[in-house]
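What follows is calculated from the coordinates using simple rules that are stated; it is not laboratory data. Small disclaimer: the values here were computed from a predicted structure and weren't measured. With ideal geometry, Cβ positions are generated from the backbone for all residues, glycine too; neighbour counts draw on all protein chains shown.
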Amino acid sequence: MGWNRARMRKPSVAFHEEDGSCSGEERYYFTHSFALLSKELDSDVVLGTTFHGEDFVSVLQQGNILATQFHPEKSGKAGLALIGRFLHNFPVDRVLEESLVVQARSTDHVGLARRVIACLDVRSNDAGDLVVTKGQQYDVRERTQSTERGEVRNLGKPVDLARHYFEEGADEVVFLNITSFRSSPLHDQPMLEVLRRTSEHVFVPLCVGGGIRDLELAG
């Protein structure tokens, strides 16, 4: 599971621009435990391969049917660009002139890439709104001079910050629910709404964790 390259065996309007250019540096998000090894399929339908221990088939194309081992919808800007080229250049079985195809840069260093994961601690403030916060040992309230409790430290809205990190190049966004929403499934609706709204703008893996206070609640 992670980000890796797809090395093209031949040109395709789904992966190459109209001028024939293809950097070969784009990384896509893979999350599977199975693969078809390249040595097991020597066929014209193999469009691209990927290396993880050994080469496996990562892209197939036959006519206007394009199949990928990775998830383009979760592969950030590279995945969105692939989807855009597939839709705008349809039919994708159109052949690019070999003379126009610009060779990709060297891909000697292949394999899984290092990932930047944005981890956002989310909890409700005193007004009941979900906010992103930070603290020491879950002490997320602002310190005050008096004995009264300070406000929950508010670093921003979860959806806005997740979108910001995605646009800045984060490879994955994780929400950590540091409250339990009162132990009731119905009280998870605010977090589910955050996930729904975030998925409209964030096109990398989106995860959520936390919200469990004890083993009984986990069951």
Compute the FRET efficiency between Gln145 and Cys119 as 1/(1 + (r/R0)^6), taking r as their Cβ-Cβ distance and R0 = 45 Å, and round to the nearest 0.05. 0.90
Within straight-line cross-link reach of Lys157, lysines at Cα separation under 29 Å, skipping those fewer than 8 residues along the same chain: Lys74, Lys77, Lys134
Given H placed on each backbone N at 1.01 Å, which residues far from Asn177 in sequence or on other chains put an amide H within less than 5 Å of it? Val122, Gly209, Gly210, Gly211
